[in-house]
Number of protein chains: 2
Amino acid sequence: MSRVGVIGIGHGKFGRRSDATVQELAFEAFREALHDAPIPKSEIDATVIGAVPEYHKQRSVAGVIQEYLGLTPTPTWLTEVACASGSAAIRTAWMAIRSGMHKVVAVIGCQKMTELSTPEILALMGRVGEVQWESVFGTTFPAYYAMFANAHMHSYGTTRDQLLQVAVKNHFYGARNPNALFQKPITLEKARASEPVASPFCVYDCCANADGAACVILADEFRARSLGGDRVVWLDGVGCATASMSVLKRPNLTGLPSAEQAARQAYQMAEVSARDIKVAEVHDCFTIAEIMAYEDLGFCEKGQGGRYIEERKPYPDGGGVAVNVDGGLKAKGHPIGATGVSMACEIVKQLRGEAGIRQVSGADVGLTHNVGGIGQYCFVHVFRRN
Amino acid sequence: MSRVGVIGIGHGKFGRRSDATVQELAFEAFREALHDAPIPKSEIDATVIGAVPEYHKQRSVAGVIQEYLGLTPTPTWLTEVACASGSAAIRTAWMAIRSGMHKVVAVIGCQKMTELSTPEILALMGRVGEVQWESVFGTTFPAYYAMFANAHMHSYGTTRDQLLQVAVKNHFYGARNPNALFQKPITLEKARASEPVASPFCVYDCCANADGAACVILADEFRARSLGGDRVVWLDGVGCATASMSVLKRPNLTGLPSAEQAARQAYQMAEVSARDIKVAEVHDCFTIAEIMAYEDLGFCEKGQGGRYIEERKPYPDGGGVAVNVDGGLKAKGHPIGATGVSMACEIVKQLRGEAGIRQVSGADVGLTHNVGGIGQYCFVHVFRRN
């Protein structure tokens, strides 16, 4: 079967973007991706938008974005799977290309999170859990992940400091990423002293909402080779799995079964194993989520995620897989629909060797791990240089 | 290239469904489709959900539905393109199968429109137009389509009675569809006397919101033949086009350019022409929309849509294409995400010859025409019996 390649990437600044509408954010990222390729706009056959619609005032943003990018009458549609919407868009584009339906597809993940008022946003985000039986009892996002953290600490002896070392690493790299929301390194002491959110989490355990957009342009093998030349990065493994929305029905709260299964699929499809991965972007919406990802993706044994970060393995040259060296959700900010596409942009940059001061040496195989909700969905994508 | 076939269909009752959550609506349709096929649930590789997320209290319904159907850990994701979300889900499933990613995919269009309060729904629906430059001036859905009606009346002499004859036809067939919201025929006099909404529209020019769900199960050619036997209906043409969100930028307001283009693509792909179509489900959100569809799809010449209905061509045995003989959006009700999938169910039933008192004789080729927003998106799908 023919391969699908990434021929262009674009990434806007994440943060409070009161200067731009959602279509303007999308345009920034799209324009950069076209220039990066470089290809004319007329090469684009279709776009897939990754976004969560309800955070925007504009209804049905895909159409507005398509018009704003000057791409009508070509097709567009939106994919939504909560915080993994961007990766679902990439998966959809992969299928669109492999099916022969389209040859070159731009995937744009975008989200304006600061358009609605804070109470409106909180009311929406409070209903991501299972509303019939769980959310009504007050389990919001931090509370759900705090349960995972407590379970992990209880089962494996994971410590508060190990959790916060994830934050320290990701803020360190956020400071090396001009597109990140937070650009200052933090110390473990500072993280420890931050305000409590949901025990055991304090502020520095949690990522922050942000506005932002990112774009990847995918092409079929023929066009990827002819348009993308040497800089093509191949999307060779696309894994996706789901788990019960209700965490009460999960076998345990120390990992995400959907992540394990999505990883297995993606590794098999790309014919790689966890040992081949040099660089990864994982879904660190809370510090515990990154620690569980080390384990679910097979970077370390089950229960060893706390030690993995304590021993600095996920730092480049730490002897493990370099993880979230662009700052992750934690320091870059989390514009929901944009996050999965932002992850893909960083991996492509790393595999091209164009990541500058964040470059992981010898990066030839990388992955993205993008979680929707509390692990109801997980998408794992494996990218290869050759 | 191998074909994609429909092997099962399921359709719940449309209306005010205070008896069911959105996942329960989805389950009704899914269960019926499994029984219709008939196949065990274990054959389903993935689901694609067509829905507009913001009308639900539950965030990210795809995951909740997947769990409720007992389909975790298989993949699911949601597609959104306003009122065409169900057709985007079908198109996505077609690509998923043709790409080799999945073999059997259940597409579920579902929408609970009566969960939020009426003011909340109106506030959301009022922002489907372009919010930056248009909606702020009061152009809601009926107002937008009323502009189309006025333009069509002005340019082509289309009359009020011709518009309302669409409603008379569709209510006549709604009365023959036990799943329809409205099950009483209406007279032209009754339609004429209904309350004004947005000139020239009165109540009977407008479809009604409803709760509901529908399901189609698609399979690759091998499985379609082995699982579906004689009853397979093939999805041979999948067209999709977009147009500017802002109607101010459209060349005219007498048709939808996205519909013309989507139809052209779908006809070409399925190797048919408008003359081959025996039965069609078109997007009659307002009476003028069905009249424009006759023209955009090539069932009659441009400007002749009013005469087409006046001469009863879209009735079975009327000498034209039988249109919306299940009641259309007008009489069935319009559960936004469900509509495109509901259309596909009716066409499959017709092509199988299982439509009972609504059966169009000799129906071997049919199509669905599903419009998102005010024609920002249009999806045209051509189905064939052989």
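Every number in this text was worked out from the coordinates using simple rules, so none of it is lab data. From a predicted model like this one, the values you see are computed outputs, not experimental measurements. So basically every Cβ, Gly included, is an ideal-geometry build from the backbone, and we count neighbours across all protein chains shown.
Dipole size of the stretch A:19-63 about its Cα centre, with +1 on Lys/Arg Cβ and -1 on Asp/Glu Cβ: approximately 200 debye, rounded to the nearest 20.
Farthest toward the positive end of the dipole of chain A, out of A:Cys285, A:Ile39, A:Ile108, is the Cα of A:Ile39, where the dipole comes from beta carbon charges about the Cα centre. Beta bridges assigned by DSSP with both partners in the protein assembly as shown are antiparallel in approximately 70 percent of cases.
Quick one: Cα centre-to-centre distance for the stretch A:263-305 and the stretch B:187-201, in angstrom? Rounded to whole Å, the Cα centres lie 61 Å apart. By the helix-only formula, in which each DSSP H run with n ≥ 4 contributes -39500 (n - 2.57) and the sum is divided by residues, chain A has a 222 nm mean residue ellipticity of -11000 deg cm²/dmol.
Determine Rg/Rh for the stretch B:206-249; Rg is computed over alpha-carbon atoms and Rh is the Kirkwood hydrodynamic estimate from the same atoms.
Values: Rg = 17.7 Å, Rh = 14.8 Å.
Value, to two decimals: 1.20.
Across all directions, the average projected area of the convex hull around the alpha carbons of the stretch B:77-123 is 3.8 nm².
What is the magnitude of the charge dipole of the protein assembly as shown about its Cα centre, with +1 placed on the Cβ of each Lys and Arg, -1 on the Cβ of each Asp and Glu, and no other charges, expressed in debye to the nearest 20? If you can, show how the numbers build up before the last one.
Values: 76 positive and 78 negative charges, 69 e Å.
Its charge dipole is roughly 320 debye.
Each copy carries a label point for B:Ala123 at 7 Å from Cα along the beta-carbon vector; from one copy to the others these points are 0.6 nm apart, nearest first. Averaging over all projection directions, the Cα-based convex hull of the stretch A:50-152 occupies 8.9 nm² in the image plane.
Under Stokes-Einstein, with the Kirkwood radius over Cα pairs standing in for Rh, what whole-number D in µm²/s applies to the stretch A:202-307 at 37 °C and 0.692 mPa s? It comes out at roughly 202 µm²/s.
So, counting K/R as plus one and D/E as minus one, what does the shell of residues with Cβ under 13 Å around A:Val48 add up to? Before the final figure, lay out the partial values.
Numbers: positive: A:Arg91, B:Arg91; negative: A:Asp45, A:Glu80, B:Glu80.
That sum, taken over residues with Cβ under 13 Å, equals -1.
Computed over the stretch B:1-110, the alpha-carbon pair-distance distribution with 5 angstrom bins reads 2, 12, 23, 26, 21, 10, 4, 1, 0, each value a whole percent. Each eigenvalue of the Cα gyration tensor of the stretch B:253-333, multiplied by 5 and square-rooted, gives one semi-axis; in descending order these are 18, 15, 13 Å.
Residues in the stretch A:1-42 near a label at A:Phe222, defined as backbone nitrogen under 13 Å from the 7 Å Cα→Cβ point? Under cut-off, by backbone N: A:2-3. Relative contact order, whole percent, for chain A stands at 26, derived from Cα pairs under 8 Å and 6 or more residues apart.
Expressed to the nearest 5 percent, the antiparallel share of DSSP beta bridges inside chain A is 70 percent. When the Cα positions of A:Tyr308, B:Gly362, A:Ala149 are compared along the charge dipole of the protein assembly as shown, B:Gly362 comes out farthest toward the positive end, with charges on each C-beta of Lys, Arg, Asp and Glu. Give me the log10 of I(q) over I(0) for the protein assembly as shown at q = 0.09, 0.11 Å⁻¹, as the Debye formula computes it from C-alpha points; what are the numbers? At q = 0.09, 0.11 Å⁻¹ the computed log10 ratios are -0.75, -1.10. For the stretch A:106-160, the list of chymotrypsin sites (Phe, Trp or Tyr not before Pro) that fall in a loop by DSSP and count at most 16 other C-beta atoms within 10 angstrom reads A:Trp133.
Label point of B:Ser199 (7 Å along Cα→beta-carbon): distances to the other copies' equivalent points are 6.7 nm, sorted ascending.
Measuring nothing but alpha carbons in the stretch B:50-92 and taking Rh as the Kirkwood radius, the Rg to Rh ratio lands at 0.98.
Can you divide the C-alpha Rg of the stretch A:243-386 by 2.2 N^0.38 Å and report the result to two decimal places?
Details: Rg = 14.1 Å, N = 144, 2.2 N^0.38 = 14.5 Å.
In units of the 2.2 N^0.38 Å rule of thumb, it is 0.97.
Arranged from fewest to most other beta-carbon atoms within 10 Å of their beta carbon, A:Met125, B:Met343 become A:Met125, B:Met343. On the principal axes of its alpha-carbon atoms, chain A has extents of 55, 44, 39 Å, going from largest to smallest.
Once you have the alpha carbon radius of gyration of the stretch B:101-250, what is it after dividing by 2.2 N^0.38 Å, with N set to its residue count?
Values: Rg = 19.9 Å, N = 150, 2.2 N^0.38 = 14.8 Å.
Working it through for the stretch B:101-250, the quotient is 1.35.
For chain A, a simple Cβ point-charge model (Lys and Arg +1, Asp and Glu -1, everything else neutral) yields a dipole of about 280 debye relative to the Cα centre.
Based on the Cα atoms of the stretch A:1-61, what semi-axes does the equivalent ellipsoid have, where each is the square root of 5 times one gyration tensor eigenvalue, given in whole Å with the largest first?
On the way: eigenvalues 118, 46, 23 Å².
The equivalent ellipsoid of the stretch A:1-61 has semi-axes of 24, 15, 11 Å.
One Cα centroid belongs to the stretch A:314-332, the other to the stretch B:1-39; the line between them spans 44 Å.
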